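K.L.:
Just passing along the structure, written as structure tokens.
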Amino acid sequence: MYIEQGHRGNLGLWKYLLIPLGFISFMIFNYIAVLMSDEPVDEMMNRLIDMIGKNAVLAINLGFLALGLFIVLGWTKLVHPQSITSLTTSRKKIDWSRIFTSFFIWGTITTVFTLVSVYYLDPEDYINNFDATKFLILLPLAIILVPLQTSFEEYLFRGYMMQGLGIWVKNKWFPLILTSVLFGLMHIANPEIGKIGYILLIYYIGTGLFLGILTLMDEGLELALGFHAANNLFGVLLVTYDWGALQADAIFKNIAVVEGAVLSEILVPVFVIFPILLFVFSKLYRWTNWKERLFGRVLDKEEFLAIENGNPSEV
């Protein structure tokens, strides 16, 4: 009963809506600013990189979102108030083994896929970009800031918003779909969208849906936290692009000319790899009752507390 963990705090309409509406408003403002700009986002970013360097720009981009994590956690703890544990999981304590298992599974897959692409499938699309001095600066910067950035997105979308929406509408499918769409739209102002096109939103929304299913099926954020951290951390360290949102002094640089997305690179993860991962996790953690966990009713506070207090007959 992950969504019901929100009953452990006092949501309150104004308390709950302030952070989601504030972030959504920022997303809209950012997108409008991109549309009104005469300069493409990737060119603006590259000009800034020329002025202060890749690591500085990366630190600014990640630092802003890392700050958001502390705002969400602090607001939850102090204003609602609700424990960070109940925002994270339905278990009695946060299961760190789940976080690290998901992290290493996806980190290994990402590394293998990248190396196969670099050395066997598309070697003409990459150059060696490794600079030991710059990489040693990037490494601790990424290790510290990337998990904070990805955790902010997980706690906001799959945690705070999913619990609040679920309790409000009293079902699980609506918050799953809405948070996935909002997660995808959060990336709409990224330079990747300007370079590849809106078709890339299929990948972002699909990733949000995958992470939401992980959260509901596993009754906690742990697997989503590990996956998201691995996805962005290994991405930042392994490959950089001149038109990416998180440019860095990575080991390799992709120099392929992008003239629209390759459908396979968008569709294969969403419709092939992610379902396989869901199957693997379902076997690893013995998930059952998919229909109830993804589409079932969210208990009201009295029902939830009755079960928590060992009085299921009161439900």
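K.L.:
In vacuum, with every alpha carbon of segment 9-159 counted as one equal point scatterer, what does the Debye formula give for log10 I(q)/I(0) at q = 0.14 Å⁻¹? Two decimals, please.
P.N.:
Cα-only, vacuum Debye calculation for segment 9-159: -1.00.
K.L.:
Please compute the per residue accessible area over segment 107-193 with all protein chains in place, 1.4 Å probe, rounded to a whole number of Å². Walk me through the numbers before you get to the answer.
P.N.:
Values: 3870 Å² over 87 residues.
About 45 Å² of surface per residue is accessible.
K.L.:
Can you tell me the equivalent ellipsoid semi-axes for the chain? Use √(5λ) from the Cα gyration tensor, largest first, whole Å.
P.N.:
On the way: eigenvalues 249, 94, 64 Å².
Equivalent ellipsoid semi-axes, largest first: 35, 22, 18 Å.
K.L.:
Please report the carbon-and-sulfur percent of the accessible area for the chain; probe 1.4 Å, protein heavy atoms only, DNA, RNA and ligands left out.
P.N.:
Details: 10550 of 15560 Å².
Answer for the chain is 68 percent, counting heavy atoms of protein chains only.
K.L.:
Ok, one more. Output the 0 to 90 degree angle, nearest 10, between the alpha-carbon long axis of helix 13-36 and the longest principal axis computed from the alpha carbons of the chain.
P.N.:
20 degrees
K.L.:
Enter the angle in degrees (range 0 to 90, nearest 10) between the Cα long axis of helix 222-238 and the first principal axis of the Cα atoms of the chain, meaning the one along which they spread out most.
P.N.:
10 degrees
K.L.:
Further question: Give me the distance in nm between label points sitting 7 Å out from Cα along the Cα-to-Cβ direction at Asp300 and Thr108, one decimal.
P.N.:
Inter-label distance under the simple model: 4.8 nm.
K.L.:
Mean 1/r over all different Cα pairs, inverted: what Kirkwood radius does segment 192-315 give, in Å?
P.N.:
Evaluated over segment 192-315, this radius sits at 17.4 Å.
K.L.:
Ranked from highest to lowest mean number of other Cβ atoms within 10 Å per residue, what is the order of the peptides 37-44, 220-227?
P.N.:
On the way: 37-44: 13.1, 220-227: 27.0.
Taking the mean over residues of other Cβ atoms within 10 Å, the ranking is 220-227, 37-44.
K.L.:
On a 0 to 90 degree scale, rounded to 10, what angle separates helix 274-284 from the longest Cα axis of the chain?
P.N.:
The answer is roughly 50 degrees.
K.L.:
Applying the Karplus parametrisation 6.51 cos²θ - 1.76 cosθ + 1.60 with θ = phi - 60° to the phi angles of segment 265-272, what ³J(HN,Hα) value in whole Hz is obtained for each residue in order, glycine and proline being reported as x?
P.N.:
Per residue, the Karplus-derived 3J(HN,Hα) values read 6, 9, 7, 4, x, 5, 9, 10 Hz.
K.L.:
GNM, the chain, Cα, under 10 Å: largest mean-square fluctuation among Met45, Met36, Met217?
P.N.:
Met36
K.L.:
Whole-Hz ³J(HN,Hα) for each residue in segment 160-165, computed from phi via Karplus 6.51 cos²θ - 1.76 cosθ + 1.60 with θ = phi - 60°, x for glycine and proline: what do you get?
P.N.:
Taking θ as phi minus 60°, the curve returns 4, 6, 5, 5, x, 5 Hz for segment 160-165.
K.L.:
Got a sec to turn the phi values of segment 42-51 into Karplus ³J(HN,Hα) couplings, 6.51 cos²θ - 1.76 cosθ + 1.60 with θ = phi - 60°, whole Hz, x for Gly and Pro?
P.N.:
Here the 3J(HN,Hα) series is 5, 6, 4, 5, 5, 5, 5, 4, 4, 7 Hz.
K.L.:
A further question follows. From the gyration tensor of the Cα coordinates in segment 25-101, what semi-axes in whole Å does the equivalent ellipsoid have, largest first, with each one equal to sqrt(5λ)? Present the calculation step by step, with values, prior to reporting the outcome.
P.N.:
On the way: eigenvalues 249, 61, 26 Å².
Taking √(5λ) for each Cα gyration eigenvalue gives 35, 17, 11 Å.
The values are calculated or read from the model by the stated rules, or taken from the named source; none is laboratory data. Since the structure is predicted, the reported quantities are computational estimates derived from the model, not experimental observations. Every residue, glycine among them, receives a Cβ derived from its backbone with ideal geometry; neighbour counts consider all protein chains shown. Note: accessible area is taken over every heavy atom of the protein model, side chains too, but ligands, DNA and RNA are not part of it. Shrake-Rupley method; radii C 1.70, N 1.55, O 1.52, S 1.80 Å.
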